[in-house]
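The values are calculated or read from the model by the stated rules, or taken from the named source; none is laboratory data. The structure presented is a predicted model; accordingly, all values stated were derived computationally and were not measured. All Cβ positions, glycine included, derive from the backbone under ideal geometry; neighbour counts span all protein chains shown.
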Amino acid sequence: MNKLHNEEDWRILKERMIAGKDQRVTVSFYQYAKLGNPQLFRDYLFIHFSELDVLGRTYVAHEGINAQVSVPKEKYEAFRDFLYSITFLDQIRLNTAIEDDGRSFYKLIIKVREKILADGLQDESFDVRNRGTHLRAEDFNRITEDPNTVLIDMRNHYEHEIGHFKGAITPDVDTFRDSLPHILENIRGLEDKNLVMYCTGGIRCEKASAWFKHQGFENVFQLEGGIIEYARQARQEGLENKFIGKNFVFDERLGERISDEVIARCHQCGEPADTHTNCENRACHLLFIQCETCREKYEGCCSDDCRDATHLPEEAQREMRAGINRGHMVFKKGRSPHLDFKTIHNPLEAAIGKLKLPADK
């Protein structure tokens, strides 16, 4: 019988991924659907993904599937054909990475979750499939030049800190579930505006656009395929690229460059930098931005204390890590007290205020 979970040590898997010479492509996709038995579907995927040597992270729930994976180039067509053989995934859009050497994931993880995208919503009366109008890159550029448009970044603060669209409102939120009520509170009274939103690959906007339509907004739009597909279309069609900086991605790369501008700063010294890293002290594992000079100085750590901790005997380091669930730290990583230079600002209220002024006069 096929093993339906990884059993090898993560360090071995990571070394194998780094040393691997096979050419791979990073692919992301999602689909909202009604699944009767997510666990059965999860096991079915694991068997076939394993046969195709697919690595990466996939979430399955009653509401559908959300996947970010790495596929061998020689097996990409077989992978695509397998997905298309599944009724609700037939002809699904597959977003492929812009900057990619295929070393984005080192193991296969497929989990059953309550939702494929945690939203914190208790309202089951809205249909997530009643989404906003999809915009291709050319149409997105055109509508965002309209002064009657409100452009909102649906990502978290540490994502849009290193890159975002020109003129976008970038809410200071830690999670997607935080963003929905935060944004809704501030855009009440703008129901007559064009509400345009974007995210990394589209899944957050798919749900958010349906939610905002449910809340009474009629002119709701979303960037088709997210930043990833926008960058591809802009390059292929010779369009103006309105995205500045890097696109944050949730894999080993932590970012792919969309434009040459560096809009963020090192969290330790304040010099221009936009490379995210995780603190080398595994008991901390903080996600932060670090320049090359500070990386050398702090040995990849976020502070002197963490650097010193990495020099302790392995047994002492294991004791420091005991009982720590690093997964729950991910959304507040950029708020570490160690990062004295970083200043958090929230332009949402100010930007929305400007938009509301004409109506108030």
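Name the one entry in K73, K115, K111 that is of a type in the set (D, E, K, R) and modelled with pLDDT under 90.
Result of the check over K73, K115, K111: K115.
Show the residue pairs that are 6+ apart or on different chains and have beta-carbon atoms under 7 Å apart, the first residue being within the stretch 48-72 and free of Cβ contacts under 8 Å to residues at least 12 places away in the same chain and among the charged types (D, E, K, R), the second being part of a strand (DSSP E or B) and crowded, with 23+ Cβ neighbours inside 10 Å.
Note: no pairs meet the criteria.
Starting from residues that are in contact (Cβ under 8 Å) with a residue 24 or more places away in the chain and surrounded by fewer than 16 Cβ atoms within 10 Å (Cβ to Cβ), keep the ones in the stretch 262-282 and report whichever is nearest to Y106 (Cα to Cα).
So the residue we want is I263.
Among the residues of the stretch 144-195, what is the count of those that are closer than 15 Å to G120 by Cβ and either among the hydrophobic types (A, V, I, L, M, F, W, C) or at pLDDT 95 or above (or both)?
Summing the residues that are closer than 15 Å to G120 by Cβ and either among the hydrophobic types (A, V, I, L, M, F, W, C) or at pLDDT 95 or above (or both) in the stretch 144-195 gives 6.
Mind listing whichever residues of the stretch 61-89 are within 18 Å of G202 (Cβ to Cβ) and not in a helix (DSSP H, G or I)?
The answer is A61, E63, G64, I65, N66, A67, Q68, V69.
Please go through (1) assigned to a helix (DSSP H, G or I); (2) touching a helix residue (DSSP H, G or I) at 6+ places or on another chain (Cβ under 8 Å) for F221 and return the number of the only condition it doesn't satisfy.
So F221 meets the others, but not (1).
If Y298 satisfies every condition in (1) at pLDDT 90 or above; (2) within 30 Å of V25 (Cβ to Cβ) but one, which is the exception?
(2)
What are the residues in the stretch 105-120 that are among the aromatic types (F, W, Y) and outside the structural domain of D53 (by TED's automatic domain parsing), if any?
If the condition is that a residue be among the aromatic types (F, W, Y) and outside the structural domain of D53 (by TED's automatic domain parsing), then no residue fits.
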